[in-house]
Every structure is written in structure tokens, then in C-alpha cells.
Amino acid sequence: MLPADLLLRSYRLASLTRAVDERLWVLSRQGRAGFVLTARGHEVAQVLSALALRVGSDSAWLYYRDLGVGLTLGVTPYEIFLGALAKAGDPHSGGRQLTAHFSSRELRIGSVSSAVAAHVPHAVGAAYAARVLGEDSVAVCWFGDGASSEGATHEAMNIAAVHRLPVVFICENNGYAISVPESMQMAAPVSKRAAGYGMPGTTLDGTDADAVYDAAVAVVERARTGHGPSLLELCVPRLVPHSSQDDDRYRSDADRAAAAARDPLTRLRARLVDEGVADTVALDAEDEMLREQVRAQADRALAAPDPEPARARRWMYAGDDR
Amino acid sequence: MTAVTMVEAIRDALAEEMARDPTVVVLGEDVGRKGGVFKATEGLLERFGPLRVLDTPVAEVGIAGVAIGAAMMGLRPVAEFQFADYLHPAYDQIVNQAATMRWRSVGTWGVPAVFRAPFGAVAGGGIYHSQSPEAAYCHVPGLKVVAPAIPSDAKGLLKSAVRDDDPVVFFEHKRNYRTVREDVGDDLVPIGVARIDRPGRDLTLVTYGGGVHLAREAAATLAGEGLDVEIVDLRTLAPFDREAVARSVQRTGRLLVLHEANTTMGFGAEVAAFAAEQLFTDLDAPIRRLGAADSHPSYNAVEQAATLPGADALTRALRSLAAF
């Protein structure tokens with residue numbers, strides 16, 4: 001059972017993730033932000049797994065849906081809005097990449113790629129580097145069920161397992177690769193593949209905060225102590241379309257309703273209330289304040305400057321940054 | 001100094017860089033126990049151990065991707081691909097990932113990795129051991145592309161590539177591996193600087209990799225006919241040394257670009273376009289390109305010879321260019 005302070009911290013981060021996500025959609029619908037990639041339904045899985053890392057020491061390899069991972073590791077809402085609005089001051093990509101494509105040397109977050117699964121071998125490379133350099137850091141890699149079908153994922157997992165590298169693979173399985181349902185992506189659960197590589201694999205309910213946190217801590221520790229890689233499959237509901245440019249018409253009403261009933265934020269909140277960690281009135285007030293703060297950060301980002309055209313080719317090669 | 005072949009020079013470069021810098025590692029299929037299919041990494045495993053000389057499964061996407069992630073996290077990996085023909089699976093990693101990393105992270109992350117690949121045709125290699133895909137990589141901003149022709153350049157450029165903070169695709173012509181011996185020192189050769197392989201007055205022949213040796217043959221033949229060919233070995237294709245090409249063409253007024261890759265959209269097109277745009281008034285004759293036919297490298301020797309540019313075709317092309 002997670003202690004009260006960790007539960008509360010997790011809820012705040014998950015709630016912040018939701019608030020930022022919702023604001024991003026508003027900005028997109030207003031025509032201000034472009035493409036929005038959503039974390040809705042993944043929040044608890046993302047936050048609780050990210051809490052297992054030593055920030056700044058362990059390397060983090062995210063995919064574009066990992067808003068909650070980024071916020072947990074220390075990315076700020078203001079930075080996220082700067083990115084979504086393609087502003088010059090976005091520290092992650094200077095507004096060059098789509099929303100939530102994080103990159104931070106300080107937080108050791110590798111640059112997110114829109115090309116699914118491309119980062120999975122990078123995480124393995126980071127784990128290899130840690131081994132060569134004698135660091136006790138772990139590389140943690142998040143990806144979706146869609147990315148699990150890519151060849152890069154297979155090659156990366158195999159190399160990691162053969163060399164027993166300190167890396168953790170976390171699949172956030174929301175049941176869809178855009179419109180293609182899990183049943184048409186794979187004939188066996190993602191986690192079953194781990195056995196084929198010779199590493200442990202587990203499927204968990206990604207809305208269960210305790211289960212996610214305990215499992216993430218265990219596999220990160222396992223990697224750190226030289227026992228090699230692991231694969232966690234966190235099953236989460238997809239509460240909204242794939243992105244702001246997608247619609248959900250390929251899903252049935254029943255499917256959408258079933259997903260909504262599994263909203264991880266509702267579940268975590270109920271737990272806080274049931275266990276007396278917080279009461280509804282206090283949480284409501286806190287959430288409202290959070291939404292206001294997030295909106296203020298978005299407004300602040302809206303006023304930030306765009307890049308100069310002359311910047312377009314900067315940072316192509318080393319030495320181009322001055 | 002002792003005379004070494006190009007493959008020995010490459011091996012020496014790797015060993016020297018690994019001895020100098022503990023973050024330099026070598027990875028790829030067969031690089032350890034076997035010492036590489038062309039023996040370019042022979043002896044490294046014994047000297048530097050299995051962690052820094054990493055034998056990998058047959059997984060080109062994984063090899064490239066692991067090299068990229070490791071480079072981001074402080075290593076200087078040299079990834080070996082057994083043949084340039086097998087770079088294609090890794091194209092996504094090199095082009096979409098390595099080449100874009102610095103730009104897309106506004107300078108936060110760099111990828112100081114080298115992707116080594118033997119290229120070009122030798123007898124009987126067939127379609128999957130003979131290709132020359134270098135132009136595709138030259139088209140990609142963010143990459144550097146190197147193709148040495150002689151041992152000293154291979155060593156000096158590989159050492160520079162290892163020390164470079166950006167991704168370098170390093171093409172080694174297989175025919176050059178053991179056909180030329182040369183005294184080789186410890187000098188670095190800078191990336192992006194061409195070398196005059198043979199000075200001449202009458203014609204400029206721009207080439208690289210395997211083409212340099214074909215060019216030497218043709219130049220020797222034509223010297224007997226009173227035609228003095230200048231051979232410009234580009235050595236680096238991206239960025240290529242435009243000034244060196246310009247200096248030569250301004251003196252000779254005639255330009256032929258030779259490469260083994262097929263002509264259409266080959267690297268010669270870029271050199272020709274540069275000359276047409278910037279050196280138009282220096283030219284006394286139309287720019288010529290000589291490359292392979294738009295075909296595939298055949299296992300059959302007759303077909304291979306029929307498609308690749310040979311010494312006869314080159315001397316004929318140079319004669320007609322001189323006579324224009």
C-alpha cells in the first residue's frame with residue numbers, strides 16, 4: 001500500500017497532467033496549438049512508473065504521449081505550452097517538434113521522436129553506455145502498444161536481454177494503434193514476448209497506482225543491481241481520440257463508455273477519499289486552483305516570442321549554436 | 001613507419017582512438033571474436049575486452065539505435081555494418097534519428113557516432129555485397145559522409161570521425177582494403193577537405209573511394225598520349241570541398257566526375273550542379289559524369305563489367321572531353 005504522501009503527490013501530478021492535457025486541446029481547438037497528442041487515461045501509469053526513477057541520473061526515453069512522465073520528471077507546464085505553441089523559448093525543441101516531444105539533458109530525457117519505437121534502441125544504448133562508464137543508472141523506456149509491433153522494439157529488447165543491460169521497457173497499452181485495435185496488432189499480450197527474450201514480463205492494470213509503482217520500483221531496482229532488463233505492460237483506457245487530428249468514429253459507444261469507466265484519475269481520487277488522505281471538497285478546490293495555474297501558464301506562453309527565421313538552420317552541426 | 005593496407009590503417013585508427021579515449025567503443029556483428037568480416041577490428045577484443053568491443057546479434061536497426069543512444073549518453077561508438085547494402089535497415093535510425101538529434105533538441109543532444117560501412121563492388125559480390133549508396137546519405141542535413149581511397153586518409157579521417165561531435169557515415173571501398181600499401185603516420189585528416197591525388201593541367205577528374213584508383217589507371221594511360229589529368233580525391237562527400245573543385249576547374253576548364261554508384265541522382269550530379277552554377281564561365285566543355293548504369297550489381301562477371309564504369313570507358317570519356 002502506498003503511503004499517504006506518495007498517494008497525494010501522485011494524484012497531484014496525475015491531476016496536473018490532466019489539466020495540461022485539457023488546456024492543450026483547448027489551445028488546439030482555438031487554432032493556436034497544432035497537433036496535440038494526449039495522455040488522457042494514461043496518467044496514473046505514467047506518473048507512478050516515472051516516480052521509480054532517480055531523476056537526472058537514470059535516463060528516460062519517452063514517447064509523445066508521455067505528458068505525465070515528463071511532468072513527474074520535472075518538465076514544467078509552461079515549457080509544454082511553449083512547445084505546443086511552437087515558441088522560440090521551448091527548451092525541449094525550440095518549437096521545432098510537435099507537442100510533448102520532450103528533451104532535457106538536465107533531466108536526462110532523450111529527445112522524443114514522432115517515429116514510433118525509434119527511441120527503444122536508444123534506451124538500450126544508454127544502458128550500454130552506463131555499463132561502459134561504470135554508472136549505476138538505469139534507462140527507462142516508455143512506448144505504446146503500437147510501437148510494440150515495430151522491428152526496432154524487437155531488436156532493442158533482444159540486444160538488451162543478450163547483454164543483460166540495465167534497461168526497463170514499459171508498454172502503455174491503451175488497446176489502439178490509432179484505429180487498429182489490439183486484436184489486430186498482436187495475437188498474444190505484449191508482456192508474453194519477454195519470455196522469448198529471456199527477461200521477465202508482466203501485464204498490469206495501469207490504473208492501479210499501487211501495482212504500477214511497486215512493479216516499476218522492482219524492475220528498476222532489478223536493472224540497477226545487474227539483473228538485466230524487464231518488460232512491463234500497463235493496460236490503460238484511451239479516454240479520447242489518438243490525437244487532436246483524429247476522431248473516434250471507429251470505436252463503438254460501448255467501448256468508449258467502458259474506457260471512461262476506467263478513468264484512472266477517478267479511481268485514484270476515490271482512493272484518496274476512501275482512505276481519508278484528502279476530502280472531496282479539498283481536492284475539488286485544489287484541482288480548480290491547478291487548472292487556473294495551468295491556464296495562466298498557457299497564457300504566459302501565448303505571449304512568448306516566435307523564433308527568428310534566421311534560426312531555422314541553427315544547431316544542424318556542433319558549433320552551429322552560437 | 002611501415003607500409004600498411006587500408007584495412008590495417010582502419011584497424012590502427014580504431015585501436016589508437018580506443019587507447020586514447022575510454023569512451024570509444026566498437027559494436028556490430030562479428031566485430032569481436034571474428035575481428036570483423038573484413039578483419040577491420042581484429043585484435044580489438046583481446047586488447048579492449050568484450051564490453052568495448054561488442055558483438056551484437058544480426059540487427060542493423062538495433063546496432064544503429066544502440067550506437068545513437070550510447071553516443072547521447074557519453075560514448076563515442078563506432079558501429080560496423082558488414083556491407084553498405086545492409087545499412088538500408090538502419091537508414092531510419094541514421095536519417096530520422098542521428099541526423100536530426102542536435103537540430104530537433106536545439107543543441108541539447110548530439111550524436112558523436114560513426115557508422116562504418118564497406119561499399120562498392122568486388123568480383124562476385126552480387127547485389128547485396130556491392131552497392132554504393134553514399135549519395136542517399138549526402139542528401140541528409142545533419143550527417144557527414146566520408147569515403148577515403150588510400151590508407152593514410154582512411155586512418156586520418158576515421159580518427160577525425162571518431163572525434164567529431166556529429167554523426168559520420170564512413171564508407172570504405174572493399175577493393176581498396178588490401179590493394180594499396182602506404183606508409184601511414186598518426187596524422188589526423190580533416191573532414192571536408194579534398195586532396196589532389198595527381199596534379200594535372202588539362203582536365204579535372206573529381207572522384208572518391210574506389211574511383212581514385214580507376215582514375216589513376218586512366219590518368220597513367222592518358223599521360224602517354226600527352227594528356228595531363230588532375231585527380232581530385234574528395235575524401236569527404238558531405239560537406240564536400242567545393243573550393244578544391246573550383247580551384248582545379250578554374251585551371252583546367254574541363255570537369256569529369258567519376259563514381260561507381262549509378263549515375264542518376266548520384267553524387268556526381270551535385271558536383272556537376274555546383275560547377276554549372278558557380279563555375280560556368282570557367283568551363284570550356286560540358287561537364288561529364290561517369291557512373292554505373294542504372295542497374296543492380298550482378299554476381300555474374302560479364303554483367304557486372306557491363307554496368308560498372310571501367311578504365312576503358314573512363315579513358316574514352318576523358319579523351320572526348322579533352323577534344324571538345
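Checking each residue in segment B:250-294 for being touching a strand residue (DSSP E or B) at 6+ places or on another chain (Cβ under 7 Å) and of a type in the set (Ser, Thr, Tyr) picks out B:THR252, B:THR263.
If you filter segment A:27-66 down to residues that are among the polar types (S, T, N, Q) and more than 16 Å from the chain's Cα centre (by Cα), you find that the one that is surrounded by the most Cβ atoms within 10 Å (Cβ to Cβ) is A:SER28. Residues in segment A:120-138 that are among the β-branched types (Val, Ile, Thr) and more than 10 Å from chain B (Cβ to nearest Cβ): A:VAL138 alone. Under the condition of being in contact with a Phe, Trp or Tyr (Cβ under 9 Å, 6 or more places away or on another chain) and facing another protein chain (nearest Cβ under 7 Å), which residue from segment A:100-119 is farthest from A:ALA147 (Cα to Cα)? Checking each candidate, the answer is A:ARG105. Residues in segment B:99-139 that are assigned to a loop (DSSP other than H, G, I, E, B) and under 25 Å from B:PRO309 (Cβ atoms): 15 in all.
Here A:GLY94 meets the list (1) buried (at least 24 other Cβ atoms within 10 Å of the Cβ); (2) at the interface with chain B (Cβ under 7 Å from one of its Cβ atoms); (3) within 16 Å of A:TRP142 (Cβ to Cβ) almost entirely, failing just condition (3). Every test in (1) within 10 Å of chain B (Cβ to nearest Cβ); (2) touching a Gly at 6+ places or on another chain (Cβ under 7 Å); (3) crowded, with 24+ Cβ neighbours inside 10 Å is passed by A:LEU82 save one, and that test is (1). For segment B:103-138, a residue qualifies if it is of a type in the set (S, T, N, Q), within 14 Å of chain A (Cβ to nearest Cβ) and in contact (Cβ under 8 Å) with a residue 12 or more places away in the chain, but none of them does.
Candidates B:THR23, B:THR2: the one that is at pLDDT below 95 and more than 7 Å from chain A (Cβ to nearest Cβ) is B:THR2.
Here's the yes/no breakdown for (1) under 16 Å from B:ILE231 (Cβ atoms); (2) without any contact (Cβ under 8 Å) to a residue 60 or more places away in the chain:
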{"site": "B:GLN250", "(1), (2)": "no, yes"}
{"site": "B:ARG254", "(1), (2)": "yes, no"}
{"site": "B:ALA261", "(1), (2)": "no, no"}
{"site": "B:THR264", "(1), (2)": "no, yes"}
{"site": "B:LEU279", "(1), (2)": "no, yes"}
{"site": "B:ASP294", "(1), (2)": "no, yes"}
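Checked against (1) surrounded by fewer than 24 Cβ atoms within 10 Å (Cβ to Cβ); (2) touching a strand residue (DSSP E or B) at 6+ places or on another chain (Cβ under 9 Å), B:ASP186 passes all but a single condition, namely (2).
In the set A:PRO241, A:PRO307, which member is surrounded by 13 or more Cβ atoms within 10 Å (Cβ to Cβ), at pLDDT below 95 and not in a helix (DSSP H, G or I)? Break it down into steps so the answer makes sense when it comes.
Working: A:PRO307 fails: at pLDDT below 95.
None of the others qualify; the one that does is A:PRO241.
Of all residues in segment A:153-186, those that are among the charged types (D, E, K, R), touching a His at 6+ places or on another chain (Cβ under 6 Å) and either surrounded by fewer than 24 Cβ atoms within 10 Å (Cβ to Cβ) or part of a helix (DSSP H, G or I) (or both) total 0. Of all residues in segment A:81-92, those that are under 18 Å from A:SER244 (Cα atoms) have Cβ atoms under 7 Å from Cβ atoms of residues that are small (Gly, Ala, Ser) and not in a loop (DSSP other than H, G, I, E, B), 6 or more apart or on another chain, in A:PHE81/A:ALA298; A:PHE81/A:ALA301; A:LEU82/A:ALA301; A:LEU85/A:ALA301. When you look at A:ALA127, is it free of Cβ contacts under 8 Å to residues at least 40 places away in the same chain and not in a strand (DSSP E or B), yes or no? Against the criterion (free of Cβ contacts under 8 Å to residues at least 40 places away in the same chain and not in a strand (DSSP E or B)), A:ALA127 does not qualify.
Number of residues in segment B:35-78 that are surrounded by 22 or more Cβ atoms within 10 Å (Cβ to Cβ), under 15 Å from B:ARG11 (Cα atoms) and either within 7 Å of another protein chain (Cβ to nearest Cβ) or in contact with a Ser or Thr (Cβ under 7 Å, 6 or more places away or on another chain) (or both) equals 1. Scanning segment A:146-155 turns up one or more residues that are in contact with a helix residue (DSSP H, G or I) (Cβ under 6 Å, 6 or more places away or on another chain), among the charged types (D, E, K, R) and at pLDDT 95 or above. Would you check if there is a residue in segment A:217-229 being more than 18 Å from A:ALA50 (Cα to Cα) and without any contact (Cβ under 8 Å) to a residue 12 or more places away in the chain? Yes, some residue in segment A:217-229 is more than 18 Å from A:ALA50 (Cα to Cα) and without any contact (Cβ under 8 Å) to a residue 12 or more places away in the chain.
Among the residues of segment A:285-322, not one is among the basic types (Lys, Arg), within 17 Å of A:LEU27 (Cα to Cα) and free of Cβ contacts under 8 Å to residues at least 60 places away in the same chain.
Annotation: A:CYS141 fulfils all but one of (1) part of a loop (DSSP other than H, G, I, E, B); (2) under 14 Å from the mean Cα position of the chain (by Cα); (3) at the interface with chain B (Cβ under 10 Å from one of its Cβ atoms); the unmet one is (1).
The values are calculated or read from the model by the stated rules, or taken from the named source; none is laboratory data. Every value quoted in this text rests on a predicted model; they were computed, and no experiment measured them. All Cβ positions, glycine included, derive from the backbone under ideal geometry; neighbour counts span all protein chains shown.
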